[in-house]
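This report refers to the structure that appears directly beneath it.
The values are calculated or read from the model by the stated rules, or taken from the named source; none is laboratory data. Because the structure is a prediction, the values reported are computed rather than measured. Positions of Cβ are generated from backbone atoms using ideal geometry, with glycine treated the same way; all protein chains shown enter the neighbour counts. Ligands, DNA and RNA are stripped out before the accessible areas are found, and what is left, the full protein with its side chains, is counted by its heavy atoms. Shrake-Rupley method; radii C 1.70, N 1.55, O 1.52, S 1.80 Å.
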Amino acid sequence: MQETTHDKIYEILASIVGSRRVSVDPEEQYVYRCSCVNATDKPGRCDYVVMPETVEEVRHIVQTANTYKIPLTVSVSQLNYGGVATPRMGGILLDLRKLNKVLEVNEDDMYALIEGGTTWSDLKGYLSKRYPELVVGTTWSPPATGVVPCCLESGFVDLSLIGGNLSEWINGLEVVLPTGDIVKTGVAAYNGGTYWSSRSPGPDITGLFVGWVGKMGVVTKLAIRLFPRMPRSYFALEADTYRRGVKTQLALCKAGGPFLGIGDLLAMNACWNWSDLGMRPAEFPFPDEWKTCFTGDHALVAEEAGKSDFYGMMNVNALTEEEMDVKVRKVFEIVKDSGAKIVEWEEGLKGLPPEEIGEVPVYPNMPMQEFGSWNYLGGGGGEWDGAFLPWGLVADYYEQCRKEAVKVKKHCGFYNRVMASGHYQYGRSQLWHDKDDPKDVEVACQLHRKFNEICINLGGVRYKPQYWATESVSRQMDGVALKLMHNLRKLIDPNGIMNPGQGYF
Amino acid sequence: MSEKKKYPYVMTKDPEYYAKKYYVKNIPLPGRGFYKKIVLPTIKDYERCREPEYYQEILKMCIKCGTCRYVYRDWDRICPSGEYGGFETYYLGGKNQLLRGLLRGEIKLTDSLVKRFYHCTLCGACQVQCQIAEIHNNALEWLESFRELAVEKGFGPMPRQKAFGEHITKEHNPYMESHAHRLDWLPVPKKKLPKKADTVFFVGCTSSYRQTNIAKATFEILKKLGQNFTVLEDEWCCGSPPQRTGQRKIGEESAQHNLEEIKKTGAKTVVTSCAGCYRMLKDDWKNRYGLKYGFKVVHTPALLVDLIKKGQLKLKKKVEMKVTYHDPCHIGRHMGVYEEPRELLQSIPGVELVEMPRNRENSWCCGYGGGVKADFPDLSLFATEERLKEAKTTGAEAITSACPFCYRSFLDGIEKSYPEYKVYDVVELVRMAM
C-alpha cells in the first residue's frame, strides 16, 4: 500500500474509532500476526489493528475497507487452531473485543443476546452472577475465546449430547455485510429484532454465515440458546481400547442418551488424558513402564501395563436422587455389558496419594487452562486436526492417526465427543510440539498433513481445517454445491475483502 | 439405602463443585504472595530477579489464551492496563509474545515497545490468574526485569519516572520536594527523637510529603502504645519507585543508605505503614539487592493485630462506619498479606467490614503502581474509578486500605468522580478508636 493511501486510511479509521483504538505500530502487527500455537500456520501481517466499540463503528470500518478494497480480518481472541484470524493479505485486523456486552437474557425463551466480541468468560460470568439457573455450557477452549466464532465454526460444550454443536444453538445473528448493510437472521429478521427466540420457520439465512470463516460479514450480535441448570453427577468411563470405548458410547446413545439423563459424552486416549493432567514424560506419577509411551505406541504400552487407552467422561442429569438412581443403574448396566467400566469421580480420586488430592484438577466445567496442560508439555506448541465423523469411523480415524504418529515417534492425543443425542461424532487428533525446535515443528507439520489425508480418505468432514487443508476439503465437496457457494460468496462480498487467503474460497 | 451405597455419586447443581472440592491447595512460596496451585507434576523452580533471557523457556508456554484477563473461575476483568489499553499487547499474553519476539530477534526494542511494558501497574493480577505453573509463579519477574533492560539500553524509564529518579538521587524523594522538609510532618521536635531504639518507624516518601495523615496516625499510635521507637534522622526513599520503573541503580543506592541508617539505631524491628516500603525492605533489599540484615520488617497492621492479641492494644472508642477494604498489591499479591488489615478493621468497635467482589489475590489494582501514576495518569484514574465504583456497590460508606499510594489514588478518584465518598487508611481508623 502506498504511503499516502496508508496515511489516509489511518486517518479515516482514527476518525471512526478515535486514535486510541487504531494502531499501526509494529507491536500490534506482531502480536496480531497469528495464533502463536500452530505448527503449520505461517504468520501473516496486518497494516492496521482497529478496535470498534459500536456496531455503527464496525459498519463504517467495513464500508471503508470495501471502498478502498482493503482486506479485512475479524478477530476476537486470535486463538483459533485453524489460524482463521491470521491476516494473510495485510489490511485491517478488526479486533472485536470491546463489543463484549451481554445485551439481553430471556429467561422464558432461554436465550442470551450477545455482542460479537463477547468471550466465554464474559458470558459465563454474567450468567452465573445474574441468572444462575441458566447455563450456556462449558467449552474447553480458553476463557477469553469468543462465543460468536465458536458458534459460527461449530464448536461444542458439555451439553452437546443434548444440544449438538454450537452452530445448532444459534437463534439468530446480526451481521454487517461487506457492503456495510446490516442484516438480521432467524425470527429476529421478521420482527425487527424485538425477540430472538429461534431460527425462523420461513426462509432463514443464518446458515450463510455459519462455517464461512468470517468471509461473509462481521457478526455483531448473536442469540445463543441457554439451558436450565440441572443437578448432575459426573462419571468417568474406562475401556481397554478406544474401539471398545466408542462401542460403549454408542450403546449408551442407543439406549436413550439424553433420555437417560446424559448431557455430555466424551473421551480421550491415554496420551491426552495424561497430558491433561499436566504431565510431562519425566514427571509421570505412574509406573515406569508407562513413561515409555512418549517414545513408543502409548496404547500398546498401556495395554502391556494392563492399563486402558480410553478414558471417557459423562455427566448424568436428574432432578431427584430417586431419578438419578434409576438412570445411573441403567447406565452402569449398559457400560458393563459393553465391556467397559465406570469409575465414579470421587472413587477415582481416592486412588491417588492423599497429598496430591488437593491438587488434582477435575474435568467437569474446566476452562482450557484448568489443567495447565495446554502449555503443551513445556514445548508451547500444539495443533489438532478435527473432523465430524459417523460412528463407524471414529476408532478407524484414531488408530490410523496413531499409527502414523508412532512411525515418527510422536505421541498422538485423541479426543472424541458425541453430538446431538448421538447422531454424529466429533474426533480430534492432537500433536504437541516444541515451538523452538525446527525439526520437531517440521515433523509435526508433516504429520498434520497425514492426519488431514487420513480424515479425507476415510470420508470424514474436517472441522476448523487449517488454511492449507481447505484445498483438499474443497476437492471433497460436491461440484455443484461448491459452485453455488462460490457464487454466493461473490454476491455478498463482491470485492473479496473479507478474510482473503483464508477458507474455502 | 442399599442402592445409594451401591452408587455413591454426588448430585450437584454447582458447576464448580468438584473444582472447589479438589482444587484448593495453595502452597505459598517463601516470602511471596503468589501461590502454586497447579497440578500433579513438580514444576521447575526458577530463580527470581533474573534477566528476561533467563525466562525464555517459560515465555514459550504462553499462547495468549487470555486467562490472565479474568479473575479465574469468577470471570471478572482483572487487568487495568489491558482494559484501558485495549489491544492484546497491553495484557500479559501480548507482553509475553512481545518479549519472546524481542529475545528471538523478531522485533526490535523501540520506544513504542517499551511504552507498552511501562503501561502497567505491575499489580501482578495477571500472574495470579494464569494456570501455567511457571507463569503463575514468575510473570512479574520478567515484567520487572524487562524494565531494567529498557533502562540499560536507554529506552526507559518514561519521562516523569526519569525525572523522579533524578530527583531521588538529589533529594531522596520522588515528589520533587526538598529533603530538608522530609520530617516536617513530625508532631514532635526532631531533636526529641531518640538516636537508638528497639523499633524504627520507616515512614516512606508518600507519607512524609503527601499523606502525612498516615505518618501522623502511625506515629501517634506507636507513641500512645509506649513503644520504644524512633524515626530515621536521614531517611531516603526506600527504592521502590525507581526499582519498579527499572532504575535499579538508584533504588539500590537508596536501599544501602537506609540500611546503614537503620543499623545505626540498633533497631530489631522496622515498622512501616507503607505497602511499597514494606515490600522493598522485606523482599527486594534482600532478594534483589542481596543486602544482609537481622532486623524484622513489619507492616503496621500486622504489628497492631499482634499487640491486640497480646492485650497490649485495646480499642475502646466506637467508630460507627461501614467500610470495605482494598488490598494493596504490594502487600497482597506481592507479599501474601491479606488477613491482618481485615483482622485489624474487625477489631475496631463499630466498624462493619464488607468485601468487594474482587478481593484478596483477585483485587483490582488502585492504579498507582509501577510508575503509572506519573506517566500514564489516564490509565491510573481509570483504574481508580473502576475500584471506587466497585467499592460503592458494597454499600460501604468508605474505602479503606493499608498503603499511602492506594490512599492517594482513591483521594484523587473521589475528588474527580465520587465527592461524597470517603477514604481512610486502616491506621487512621485505629487511631480514632484509641
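Structural remarks
- Three-way shape call for the protein assembly as shown based on the alpha-carbon gyration tensor, with the a/c threshold at 1.5: prolate
- Pairwise alpha-carbon distances in chain A exceed 30 Å for 49% of all pairs.
- In this structure, the amide hydrogen of B:Tyr418, modeled 1.01 Å from its nitrogen in the peptide plane, lies closer than 5 angstrom to no residue at least 5 positions away or on a different chain.
- Relative contact order [Cα under 8 Å, 6+ residues apart], chain A, whole percent: 17 percent
- Averaging the sequence gap over all C-alpha pairs within less than 8 Å and six or more residues apart, then dividing by the number of residues, gives segment B:82-231 a relative contact order of 14 percent.
- Between A:Ser472 and A:Arg329, the simple label model (points 7 Å from Cα in the Cβ direction) yields a spacing of 5.0 nm.
- Viscosity 0.890 mPa s, 25 °C: Kirkwood-radius Stokes-Einstein D of segment A:420-505 over Cα pairs, µm²/s: 160 µm²/s
- Debye-sum result for segment A:193-246 in log10 I(q)/I(0), which assumes one identical scatterer on each alpha carbon, at q = 0.15, 0.21, 0.28 Å⁻¹: -0.75, -0.89, -1.30
- Shape index of segment B:287-388: Rg/Rh, with Rg the Cα radius of gyration and Rh the Kirkwood radius from the inverse mean 1/r over Cα pairs, equals 1.04.
- Within a straight-line Cα-Cα reach of under 19 Å, A:Lys124 can be paired with the following lysines, leaving aside sequence neighbours fewer than 8 residues apart in one chain: A:Lys98, A:Lys101, A:Lys221, B:Lys13, B:Lys20.
- Over 30 Å between alpha carbons, listed pairs B:Lys190/B:Lys318; A:Lys42/A:Lys247; B:Lys223/B:Lys263: B:Lys190/B:Lys318; A:Lys42/A:Lys247
- Whole-Å distance, taken between Cα centres, linking segment A:400-468 and segment A:67-127: 27 Å
- Helix-only mean residue ellipticity at 222 nm for chain A, each DSSP H run of n ≥ 4 adding -39500 (n - 2.57), per residue, nearest 500: -10000 deg cm²/dmol
- Under 5 Å, built H, 5+ apart or other chain: amide partners of B:Glu352: B:Met321, B:Lys322, B:Val323
- Rolling a 1.4 Å probe over the protein heavy atoms of chain A, with every protein chain left in place, gives an accessible area that is 54 percent carbon and sulfur.
- Hydrodynamic radius (Kirkwood) for segment B:61-179, which is based on Cα pairs only, to one decimal in Å: 15.3 Å
- Alpha carbon convex hull of chain B, projected area averaged over orientations, nm²: 23.9 nm²
- Three-way shape label, segment B:219-369, alpha-carbon gyration tensor, a/c 1.5: oblate
- Assigned charges on the beta-carbon of Lys, Arg, Asp, Glu; segment A:103-216 dipole about Cα centre (debye): 200 debye
- Rounded to the nearest Hz, the phi-derived 3J(HN,Hα) couplings of segment A:152-166 under the Karplus curve 6.51 cos²θ - 1.76 cosθ + 1.60 (θ = phi - 60°) are 5, 10, 6, x, 8, 9, 7, 10, 6, 5, 8, x, x, 6, 5, where x marks glycine and proline.
- The convex hull around the C-alpha trace of segment B:359-432, projected and averaged over every direction, spans 5.1 square nanometres.
- Equivalent-ellipsoid semi-axes of segment A:47-99, from the Cα gyration tensor, Å, largest first: 18, 15, 7
- Pairwise inverse Cα distances across segment A:120-257, averaged and inverted, put the Kirkwood hydrodynamic radius at 16.9 Å.
- What the phi angles of segment B:185-191 give under the Karplus curve with 6.51, -1.76 and 1.60, with θ = phi - 60°, is a coupling list of 6, 4, x, 10, x, 3, 4 Hz, glycine and proline written as x.
- Dividing the radius of gyration of the alpha carbons in segment A:1-119 by their Kirkwood radius gives 1.02 for Rg/Rh.
- Aspartates and glutamates whose Cα lies under 17 Å from that of A:Lys8, excluding same-chain neighbours fewer than 8 positions away: A:Asp25, A:Asp47
- Computed over segment B:321-372, the ratio Rg/Rh where both radii use C-alpha atoms and Rh is Kirkwood: 1.00
- Segment B:189-246-segment A:204-223 distance, computed between alpha-carbon centres (Å): 63 Å
- Principal axis extents of the Cα atoms in segment B:138-279, from largest to smallest and rounded to whole angstrom, are 49, 31, 24.
- Interface between chains A and B: roughly 6700 Å² of accessible area buried, both sides summed (probe 1.4 Å, protein heavy atoms only).
- Remark on segment B:52-122: hydrodynamic radius 12.7 angstrom, per the Kirkwood mean of 1/r across alpha carbon pairs.
- Projecting label points 7 angstrom from Cα along Cα→Cβ for A:Glu168 and B:Arg160 puts them 5.7 nm apart.
- MRE, 222 nm, helices only [DSSP H, n ≥ 4, -39500 (n - 2.57), over chain B, to nearest 500]: -12000 deg cm²/dmol
- Simple label model, 7 Å out from Cα along Cβ direction - A:Phe259 to A:Lys42, nm: 5.3 nm
- Backbone HN-Hα couplings from phi across segment B:145-156 [Karplus 6.51/-1.76/1.60, Hz, Gly and Pro as x]: 5, 4, 5, 4, 4, 4, 5, 4, 8, x, 9, x
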